[in-house]
Amino acid sequence: LDGHPRLRQAGGGLMAQLLAALATFLATALLLWLTPAAPAWAGPVDWHELPATAEGRQWWDAGSLRSNRDGNLTVLSRFQPAPPDEKKSDLYVMEIDCGQDLFRDTSINGIPQWGSSWQVAAGDGLIEATIKAVCAAGVDLLAGS
């Protein structure tokens, strides 16, 4: 029976279907594994723009504001440089230590920044305004942590 042309054809078709299904599964799994994770917060996007400076414009998203297990705030922010690069915009997930006026970027454009260092605003008006606004908005979150 193995030599019968119809059985060989049916078996080959089944094998081709199994290989195609396996290839599809592996390609999908690889795509999901390689796709950078974006911040996955539930809640509406609620951008708050801060006063612009010579460096550019900055927004923070009130819908993403959270208190983490370390007692700091995390928030999604967006920075747009001043001209000539005003068409470029970057997304940051910032962790803010309100008690010490420190911040660190834990994600930039969806790419985790493992081991990022705490920084002071060091005269950066946009960062200073972001810290001030986020800490003011997060008072209730920090009180509950």
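Read-outs: derived from the displayed coordinates by stated rules, not from any lab. Quick caveat, the model's predicted, so the values are computed rather than measured.
Show me, for the stretch 71-76, the HN-Hα J-couplings you get by feeding each phi into the Karplus relation (A = 6.51, B = -1.76, C = 1.60, θ = phi - 60°), rounded to Hz, glycine and proline as x.
3J(HN,Hα) across the stretch 71-76, in whole Hz: x, 9, 9, 10, 7, 8.
Given the stretch 68-135 reduced to its alpha-carbon atoms as identical point scatterers, what log10 I(q)/I(0) does the Debye formula return at q = 0.22 Å⁻¹?
The calculated log intensity ratios at q = 0.22 Å⁻¹ are -0.99.
For Ala20 and Asp101 in one chain, what is 0.36 nm times their gap in residues minus the Cα-Cα distance, to one decimal in nm?
Working: separation 81, 0.36 × 81 = 29.16 nm, distance 5.51 nm.
The Ala20-Asp101 span can extend by a further 23.7 nm.
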